[in-house]
Amino acid sequence: MNVGIVGLGLIGGSLAKSTKTRTAHTVWGIDLNQESMMLARMCGAIDAPLTDEKLSQCDLILIAIRPQAAINWVTEHAALIAPTAIVVDMCGVKRKVVEAIAPIAKEHGFSYIGGHPMAGRERWGFTAATDDLFAGASMILTPDDRSDMLLLESLKSFFSDIGFGTLTFSTPEEHDRIISFTSQLAHIVSSAYIKSPEAQRRRGFSAGSFRDMTRVARLDEDMWTELFLADADFLTGELDTLIHHLTEYRAALETRDADTLRALLKDGREKKASAGGN
C-alpha cells in the first residue's frame, strides 16, 4: 500500500517511522520544514517526498498538521486525490475539520474520516518522533454515513499494524466535548500552575507531583491556541466547573473547615477511583 503523510512533526513523523518499522508499506511524506524532510529521508522514515504525482497514487493519506492547515491542504489538493484513496486527518479537534473536509471528499469521490491519535509528548517536531509513540494507544475515528465496513476494517488493520492498541469510534461533537476535559483543560491548568512565583524557588522541594502537573506546560503555543479556540465552547464549560470546585477548596481553607476539606478530598479520591485509568 502507498501511504502519503502530510506533516512530519511529532505525530506525522511517528506515523512515518511506525509504518516503515512495522509494515512493508511505501511511505511518501511532505513537510514545509526542509530539515525535517532531510532527516526523514536520511533515517528511512519516508521512501520519497510526497509529490503531486505520487499523491494521485496514494491508497491512504494521513494529514498530521494543524486544523486550518489541514483544511487548506485538502481544499488545494482534492482534485489530485484518487477516488479509491482514504484520507484521515490527525487533528486534535474534529468538528471544525470534519465539517470542512467531509463535503470536499464527497464532491471529489474519495473516502474521508476524522481521526485523532491519543498519544503525544511534551516535545514536538520530527526529532521528537519515535516508531513506538502509538504502542498500545487509542486511535479515535469519527465515521459518518459514507464510512462503510470495508473502510473501517482497512483502517483498523493499518492502525493495529503500526502499534495502536484500540480503535475508539465517536462523533465529532462527542470527541470535542470529551477532549476538552481529558486533554485541553489539563494543558491550561498546567500552563497556569507553572506561573506561580514559587516555581522559580522550588529547587530541592519538588518531586513527582510537580513534574506531573507541569509536564504539558511545555507546549507549542501556536498549535494549542488554535485547538483551544476551535473548542472554546466546551473548554470554557470545563473551566467553569474547575473554577467552581477550586472555590470550594479555597473556602474550606479560609474558614479552616477540616470536615468540609476532608469531604472534598474524599470525594475527589472516590471519583478518581470510579473514573479508572492512569
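The values are calculated or read from the model by the stated rules, or taken from the named source; none is laboratory data. All values derive from a computational prediction rather than experimental measurement. No Cβ is skipped: glycine too gets one built from the backbone with ideal geometry, and neighbour counts run over all protein chains shown. When the accessible area is computed, the model is the full protein with side chains, heavy atoms only, and any ligands, DNA or RNA have been set aside. Shrake-Rupley method; radii C 1.70, N 1.55, O 1.52, S 1.80 Å.
If you go through the range 189-212 and pick out every residue that is closer than 26 Å to Gly12 by Cα and either among the charged types (D, E, K, R) or at pLDDT 95 or above (or both), you end up with 1. Against the test of being surrounded by fewer than 16 Cβ atoms within 10 Å (Cβ to Cβ) and of a type in the set (Ser, Thr, Tyr), the options Ser191, Ser160 yield a single qualifying residue, Ser160.
Applying the criterion of at least 1 residues that are open to solvent by 10 Å² or more (accessible area, probe 1.4 Å) to the strands (runs of 3 or more DSSP E) found wholly in the range 1-68 leaves 2-6, 26-30.
If only residues of the range 141-157 that are in contact (Cβ under 8 Å) with a residue 40 or more places away in the chain, surrounded by 15 or more Cβ atoms within 10 Å (Cβ to Cβ) and in contact with a helix residue (DSSP H, G or I) (Cβ under 7 Å, 6 or more places away or on another chain) are counted, the one that is nearest to Ile104 (Cα to Cα) is Thr142. Of the residues making up the range 127-139, those that are under 21 Å from Pro172 (Cα atoms) and open to solvent by 20 Å² or more (accessible area, probe 1.4 Å) number 1.
Evaluation of Ser147 against the conditions (1) under 25 Å from Arg121 (Cβ atoms); (2) assigned to a loop (DSSP other than H, G, I, E, B); (3) of a type in the set (Ser, Thr, Tyr) shows that the sole unmet condition is (1). Among the residues of the range 164-183, those identified as open to solvent by 50 Å² or more (accessible area, probe 1.4 Å) and of a type in the set (Val, Ile, Thr) are Thr166, Thr168, Thr171, Ile178, Thr182.
Selection of the range 85-118 for residues being out of contact with any Ser or Thr (no Cβ under 8 Å at 6 or more places or on another chain) and in a loop (DSSP other than H, G, I, E, B) yields Met90, Cys91, Val93, Gly109. Name the residues in the range 83-122 that are small (Gly, Ala, Ser), under 21 Å from Gly165 (Cα atoms) and open to solvent by 10 Å² or more (accessible area, probe 1.4 Å), would you? Gly92, Ala119, Gly120, listed by residue number. Ala186: open to solvent by 40 Å² or more (accessible area, probe 1.4 Å), more than 24 Å from Ile11 (Cβ to Cβ), in a helix (DSSP H, G or I) and modelled with pLDDT of 90 or more, yes or no? Considered against the rule, which asks whether it is open to solvent by 40 Å² or more (accessible area, probe 1.4 Å), more than 24 Å from Ile11 (Cβ to Cβ), in a helix (DSSP H, G or I) and modelled with pLDDT of 90 or more, Ala186 comes out as no. In the range 210-222, the count of residues that are in contact with a strand residue (DSSP E or B) (Cβ under 6 Å, 6 or more places away or on another chain) and of a type in the set (Val, Ile, Thr) is zero. State whether one or more residues within the range 209-220 are touching a residue at least 40 places away in the same chain (Cβ under 8 Å), open to solvent by 40 Å² or more (accessible area, probe 1.4 Å) and assigned to a helix (DSSP H, G or I). Yes, the conditions are met somewhere in the range 209-220.
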